[in-house]
Amino acid sequence: MGNHIGERAVVLGGSIAGMLAAVPLSQAYREVILIDRDDLTEPEPDRPAGVLTVRRAVPHGWQLQALLAKGQRVLEELFPGMTDELVSFGASRGDFNKNVRWYFDGRKIKQVRSDMIAVGPGRPLLENRIRARISALPNVSFRQHTDILGIVATPDRKRILGARIQSQQPGAEPETLLGDLVLDATGRGSRTPRWLTELGYPEVEEERVKMGLAYSTGNFLIDREDDLLGEDVASVPIGTPNLPRGAVYARMAGYHSITLTGLLGQKPPTDRAGFLAYAESLAIPDIAEVVRRAEFIHDPVPYNFPESRRRRFDKMASLPENYLIMGDAACIFNPIYAQGMTVAAVEATVLRDHLSHGKTPDPLKFQRDVVKRGTAIAWDVAGAGDFTHRGVTGNKGVKFAVGGWFVQKVTAAAEFDDKLSTAFMRTAGLIAPPTSLMRPDLMARALFGKKSAPVPDPGYTPVRTAKVADIADASDAARRTLRSDLRKAR
Ligand SMILES: Cc1cc2nc3c(=O)[nH]c(=O)nc-3n(C[C@H](O)[C@H](O)[C@H](O)COP(=O)(O)OP(=O)(O)OC[C@H]3O[C@@H](n4cnc5c(N)ncnc54)[C@H](O)[C@@H]3O)c2cc1C
């Protein structure tokens, strides 16, 4: 067996978390097989359709997805040269602080040069380039068009032996794929909690933060002279308690995106007139101005995200051996903070470190490190932001109440203060924990530093909102529109 821990690792889910996990697994197991029900062949990204081809299982691929500063660093560690590769395919790159405009209540955080990089590939291109790297690993293979039916355990249910899978080929029978390690990366719909209770384990504790987030995203083309970003790569007016609607406007790989966001029942419309009206209601005028100038390549696509959810596998008394859980299967975050893929990348490094001991990772120790090094900081950053909104419910601690109040002071004073701006962006980029803002000098700057009046004042009047259409239908319609637009353009 050489230096390998085992013969085969089976990864359930061949998306971001599964593929990132495959990097360290490929060094520890003789063979790594990723199972996914989706079609994982897609056009090359240097062809127009490839840039915006969204998989069926990832309808949020239409939405703007970017990497945080920490995600960029870890991705580069896992795949040397990846940042340049993404940029060579058209992804935007800039300084995570200097080239991104962050607004809270209309007040822009000071743009200060930093050592953090922002990359804007968009989800389809990012997945495509990671898949290209994984496919090049000689001992890693994908089984696409294959449904995962369940997991297989020893009679005493203490160890997982493999997975039950079934190809979508007509007439294919269910089969058992044995593995020395099985890793669940099946995303938010993961059935691990159910599978565990079926094996006799107690229910997994779940923490939730309900914020009722709604997205509507339009991807578009725009002439350079009409692009209000100039040298910057993104402009992000965040929804705040004064105005629980916001936007992300960013330059991606060969196209631009605007995602309009609403919290607590605010629904950004999906018709173009409503989209513009909603953009006009934001705290800064740029977003609406760009919507007026943009040449949309499809109708805006909605996505509803009712709540963040963290499954506390780390708190279980025991877990079956040879079974690990990563990515959205373990924790999903309010996407406005753009944390999910970065956390999945960090978790891949946790896996690498656990595998470096030369034996199968201890499941409980692994899940505890997933929380400690992966999800905890992101969960705290997101919770502190979410709970500033009255009406957000869920597992709220004193930590979130104080953290949220303090973050509002920090972001207000960061309009004029280089040090606060840098410190805040390091936490937002998941480079530093939120506690790093609690240094006495930073606290003094946040509490007593100069602040301008928030815009808009509380008591704004919401504009009309459209009914949000069924997500799948809208995605399919948008995909058809994009395809036919691109076909005509060729
Ligand atoms: C609207 C929105 C915007 C977001 N924006 C950002 C962002 O800007 N930055 C960021 O970092 N993150 C963002 N995220 C989060 C990010 O998309 C997720 O964290 C990331 O996709 C998690 O990857 P995953 O591999 O864990 O799960 P997924 O990407 O959901 O993949 C799960 C895979 O498992 C497969 N699968 C599931 N069940 C089965 C089954 N039974 N049989 C076979 N295959 C199965 C699916 O086909 C899929 O390929 C956003 C999320 C949303 C919803």
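The values are calculated or read from the model by the stated rules, or taken from the named source; none is laboratory data. No experiment lies behind these values; they were computed from the predicted model shown. Note that we place each Cβ from the backbone using ideal geometry, even for glycine, and neighbour counts take in every protein chain shown. SASA here: full protein model, heavy atoms, side chains in, ligands and nucleic acids out. Shrake-Rupley method; radii C 1.70, N 1.55, O 1.52, S 1.80 Å.
I need the full set of residues from the range 94-149 which are among the charged types (D, E, K, R) and either more than 20 Å from Ala247 (Cβ to Cβ) or open to solvent by 40 Å² or more (accessible area, probe 1.4 Å) (or both), in order please. Matches in the range 94-149: Asp95, Lys98, Lys108, Lys110, Arg113, Asp115, Glu127, Arg129, Arg131, Arg133, Arg143, Asp147.
The residue of the range 191-218 that is modelled with the highest pLDDT, among those that are open to solvent by less than 10 Å² (accessible area, probe 1.4 Å) and touching a helix residue (DSSP H, G or I) at 6+ places or on another chain (Cβ under 7 Å), is Thr192.
Could you identify the single residue in Ala253, Ala277 that is modelled with pLDDT under 90 and either open to solvent by 10 Å² or more (accessible area, probe 1.4 Å) or among the hydrophobic types (A, V, I, L, M, F, W, C) (or both)?
Ala253
With the structure loaded, tell me whether Arg245 is open to solvent by less than 20 Å² (accessible area, probe 1.4 Å), among the charged types (D, E, K, R), at pLDDT below 95 and closer than 30 Å to Arg426 by Cα or whether it fails that test.
yes
May I ask you to verify whether Thr197 is of a type in the set (Val, Ile, Thr) and in contact with a strand residue (DSSP E or B) (Cβ under 6 Å, 6 or more places away or on another chain)? So Thr197 fails the test. More than 20 Å from the chain's Cα centre (by Cα), assigned to a strand (DSSP E or B) and closer than 22 Å to Thr41 by Cα - does that describe any residue in the range 86-104? Among the residues of the range 86-104, not one is more than 20 Å from the chain's Cα centre (by Cα), assigned to a strand (DSSP E or B) and closer than 22 Å to Thr41 by Cα, which makes the answer no. Considering every residue within the range 340-351, establish whether at least one is assigned to a strand (DSSP E or B), modelled with pLDDT of 90 or more and open to solvent by less than 30 Å² (accessible area, probe 1.4 Å). Within the range 340-351, none of the residues are assigned to a strand (DSSP E or B), modelled with pLDDT of 90 or more and open to solvent by less than 30 Å² (accessible area, probe 1.4 Å). Within the range 184-240, being away from the ligand (no atom under 14 Å from the Cβ), over 30 Å from Phe296 (Cα atoms) and of a type in the set (Lys, Arg) holds for Arg208, Lys210.
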